[in-house]
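Worksheet: the structure to be examined is printed underneath.
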Amino acid sequence: INYSIYLSECGLTRAPYGDDSYYYDYALDIINGVSIFTRFEPYSYFLATFMLPIHRIFKYVISHYELLPINWFVGSTTVALVLYFTDLVVPIKSKKHQNIAVCLLLFNSCFIDGVVHLYRDGLICLLIMICCIHIYNSSYNRSILISLFLGLLRGANGFIMLFFIVLNYVQRIFRFSKKSLVL
């Protein structure tokens, strides 16, 4: 739907905001061997890992809208992890908590906008959910690694997750309830 709106209204196949073209164009530079190490943009390298084999084997350049299913898959995996995390924090005895969790996520316009475009936001949400699950289970080594990678994608999010790791560690020392800390 966004593709057709951008094409008819702006004459573009990408979002008029520029983020998706930034990541896609740099991923193209990576697979073509142009300025590979001029800037460090991990999301573009993530996209290039999907583009490179197809480009090398079939000599076909994937357009940006053909990469969108990757973001959709990441977004749907995030929704599944939100349900899993909700069940960890508040065990699901009825569908009420599950429905609330899904509605809060799916009616969040920022999440939906980040997933339907070729933005790094969907991957960031996925990593945040994975990190939250590991933090809740007191898997500090894994959560620190994930938060460091998250920090490479967007520094502030990585810092926030490191803060939550420290907060969970303090909770563990002083024996606060995990549910009260999460809520």
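Every read-out reported here was derived from the displayed coordinates using simple, explicitly stated rules and does not represent laboratory data. These numbers were taken from a predicted model, which means no experiment stands behind them. Cβ: placed from backbone, ideal geometry, glycine included. Neighbour counts: every protein chain shown.
Brief remarks on what is shown
- Whole-Hz couplings from phi, Karplus 6.51/-1.76/1.60, listed for the stretch 158-172; x for Gly and Pro: x, 5, 4, 5, 4, 4, 5, 5, 5, 4, 5, 5, 5, 4, 5
- The Cα trace of the stretch 80-157 gives Rg and Dmax of 13.5, 38 Å, the first to one decimal, the second as a whole number.
- The stretch 30-163: C-alpha pair distances exceeding 27 Å, %: 29 percent
- Computed across the stretch 108-149, the Kirkwood hydrodynamic radius from all distinct Cα-Cα pairs reaches 10.9 Å.
- Paramagnetic label zone (point 7 Å from Cα along Cα-to-C-beta, residue 106; backbone N under 12 Å) in the stretch 59-84: 76, 79-80
- What the Cβ-Cβ distance of residue 50 and residue 80 gives, at R0 = 25 Å and to the nearest 0.05, is a FRET efficiency of 0.75.
- Using a simple spin-label model with pseudo-atoms 7 Å out from Cα toward Cβ, residue 98 and residue 163 lie 3.3 nm apart.
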